[in-house]
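Right, one structure below, let's go through it.
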Amino acid sequence: MSDPMRPRAALRTAVVWEVLQDALERRVEATGRQALDVLDAGGGSGNFAVPLARLGHRVTVVDPSPNALFALERRAAEAEVADRVQGVQGDARGLFDVAERGGYDIVLCHGVLEYVDDPAEGVRNAVAALRPEGVLSLLAAGLGGAVLSRALAGHFTEAQQALADPNGRWGAGDPMPRRFTAGQLTSLVEDAGLRVGAVHGVRVFADLVPGALVDTEPGALDALLKLEAAAAEVAAFHSVATQLHVLGETPGTTGV
């Protein structure tokens with residue numbers, strides 16, 4: 001799935017794409033259907049939806065922003081997958097006003113829980129959208145990555161405040177409303193009735209390595225991508241990742 005992404009963007013998304021590709025392939029094999037139904041809650045302008053549609057899957061994107069949905073429509077048209085991408089305006093709380101309950105093989109909930117009033121409700125709604133033996137892809141901001149970033153920038157008081165704050169915020173100027181630990185995310189998934197299939201750290205090193213080094217040093221990008229992939233599955237690195245990715249499976253799911 002690396003072809004839809006620019007090289008620098010790949011540093012931020014490669015781990016998630018790898019996990020999603022594996023989940024999709026296994027669900028295709030298990031269901032016998034080449035085209036799966038995917039719900040991308042909070043999918044914005046289609047960073048995941050359009051590449052998924054290019055693989056032949058049908059994707060419904062729910063997002064509260066009309067501008068993002070307009071960009072999605074344009075991007076889908078340019079990629080010649082407009083017939084497989086549907087954008088509808090809505091949010092996680094009122095998900096079933098615009099999406100089908102129990103109608104999707106895979107649900108993406110990426111960058112949503114940070115902004116909703118009730119993360120537990122958001123996860124429950126995402127799970128309720130799954131078909132039996134469906135898969136949830138959950139991506140959210142990690143607490144440890146923010147603490148490490150503030151400390152390395154010399155903002156030690158802000159780093160300590162993020163550690164102590166219930167929402168993982170380093171101060172009033174923090175643009176992120178909420179961050180999570182791996183334990184918090186896995187608990188949300190399990191409490192919603194899923195079992196945790198995998199947990200990955202995302203952007204463990206990518207946000208810390210100077211961009212100039214990656215752009216100018218021969219082979220640095222490929223080497224960093226490989227390092228990110230290797231570290232993603234190591235639990236010790238989950239506590240310092242900028243984002244955390246959890247794959248949730250409905251009880252009885254086979255092939256994932």
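Report ³J(HN,Hα) in whole Hz for each residue of the stretch 25-33, in order, from the Karplus equation J = 6.51 cos²θ - 1.76 cosθ + 1.60 where θ = phi - 60°; Gly and Pro get x.
Using θ = phi - 60°, the values come out as 4, 6, 5, 4, 5, 6, 8, x, 10 Hz.
Let me check I've understood the local charge: for D37, count other residues with C-beta under 15 angstrom from its C-beta, Lys and Arg +1, Asp and Glu -1. What total comes out?
That works out to +1.
I need the fraction of alpha carbon pairs in the stretch 71-120 separated by more than 16 Å, rounded to a whole percent. Please list the in-between numbers first.
Numbers: 673 of 1225 pairs.
Above the 16 Å cut-off, the stretch 71-120 has 55 percent of its Cα pairs.
Compute the Rg to Rh ratio over the stretch 148-192 from the alpha carbon atoms, using the Kirkwood formula for Rh, and round to two decimal places.
1.07
What are the residues whose amide H is under 5 Å from the amide H of A198, where those residues sit 5 or more places off or on another chain and H is modelled from the backbone?
L247
Just want to confirm a number: the relative contact order over the chain, from Cα pairs under 8 angstrom separated by 6+ residues, in percent.
So the answer I get is 20 percent.
So if a site counts as exposed when it's one of the trypsin sites (Lys or Arg not before Pro), its DSSP state isn't H, G, I, E or B, and it has at most 15 other Cβ atoms within 10 Å, what's the longest stretch of the chain without one?
It works out to 102-256.
Residues of the stretch 127-196: accessible area per residue at 1.4 Å, in Å²?
Averaged over the residues of the stretch 127-196, the accessible area is 46 Å².
Using a 1.4 Å probe on the protein chains only, how many percent of the accessible area of the chain belongs to carbon and sulfur?
51 percent
What whole-number distance in Å separates the alpha-carbon centres of the stretch 25-76 and the stretch 104-154?
17 Å
Report the residues of the stretch 167-184 in range of a label on T157: point 7 Å along Cα→C-beta, backbone N strictly under 17 Å from it.
169-174
Two decimals is fine: what's Rg over Rh for the chain, C-alpha atoms, Kirkwood radius as Rh?
A ratio of 0.96.
Can you work out the FRET efficiency for the pair T181 and T216, with r the C-beta to C-beta distance and R0 = 25 Å, to the nearest 0.05?
Efficiency at R0 = 25 Å is approximately 0.10.
Using DSSP to define loop residues, name the GluC sites (Glu not before Pro) in the stretch 77-155 whose beta-carbon has at most 14 other beta-carbon atoms within 10 Å. Each step should come with its number before you reach the end.
Working: sites: E78, E80, E100, E114, E121, E133; in loops: E80, E100, E114.
Answer in residue order: E80, E100.
Could you work out Rg/(2.2 N^0.38 Å) for the stretch 106-256, with Rg from alpha carbons only?
In units of the globular-protein estimate, the stretch 106-256 measures up at 1.12.
Compute the accessible area per residue over the stretch 1-113, keeping the other protein chains in place, probe 1.4 Å, unit Å².
Values: 5490 Å² over 113 residues.
Ligands and nucleic acids excluded, the figure is 49 Å² per residue.
Take the eigenvalues of the Cα gyration tensor for the stretch 142-225, scale each by 5, and report the square roots as semi-axes in whole Å, largest first. Walk me through the numbers before you get to the answer.
Working: eigenvalues 145, 93, 13 Å².
Output for the stretch 142-225: semi-axes of 27, 22, 8 Å.
Give me the base-10 log of I(q)/I(0) for the stretch 179-249 at each q in 0.17 Å⁻¹, Debye formula, one uniform scatterer per Cα, rounded to two decimals.
Taking Cα atoms of the stretch 179-249 as identical point scatterers yields -0.64.
As a check on your grasp of the helix formula, calculate [θ] at 222 nm for the chain: sum -39500 (n - 2.57) over DSSP H runs of n ≥ 4, divide by the residue count, round to the nearest 500.
-12500 deg cm²/dmol
V61's amide H: which non-local residues (gap 5+, or another chain) put their own amide H closer than 5 Å, with H modeled 1.01 Å from N in plane and none for Pro or chain starts?
For V61, whose amide H was placed from the backbone, the distant partners under 5 Å are D40, Q86, G87, V88.
Label 7 Å along Cα→Cβ of A35; the stretch 76-92 residues with amide nitrogen under 14 Å?
Once the point is set 7 Å along Cα→Cβ of A35, 81-86 turn out to lie under 14 Å by backbone N, inside the stretch 76-92.
Extension gain L208-E190, at 0.36 nm per residue separation less the Cα-Cα distance, in nm?
Answer, rounded to one decimal: 3.3 nm.
The values are calculated or read from the model by the stated rules, or taken from the named source; none is laboratory data. Quick caveat: nothing in here was measured; it's all calculated off a predicted structure. All Cβ positions, even for glycine, are placed from backbone atoms using ideal geometry, and neighbour counts span all protein chains on display. Calculation scope for accessible area: heavy atoms of the full protein, side chains included, ligands and nucleic acids excluded. Shrake-Rupley method; radii C 1.70, N 1.55, O 1.52, S 1.80 Å.
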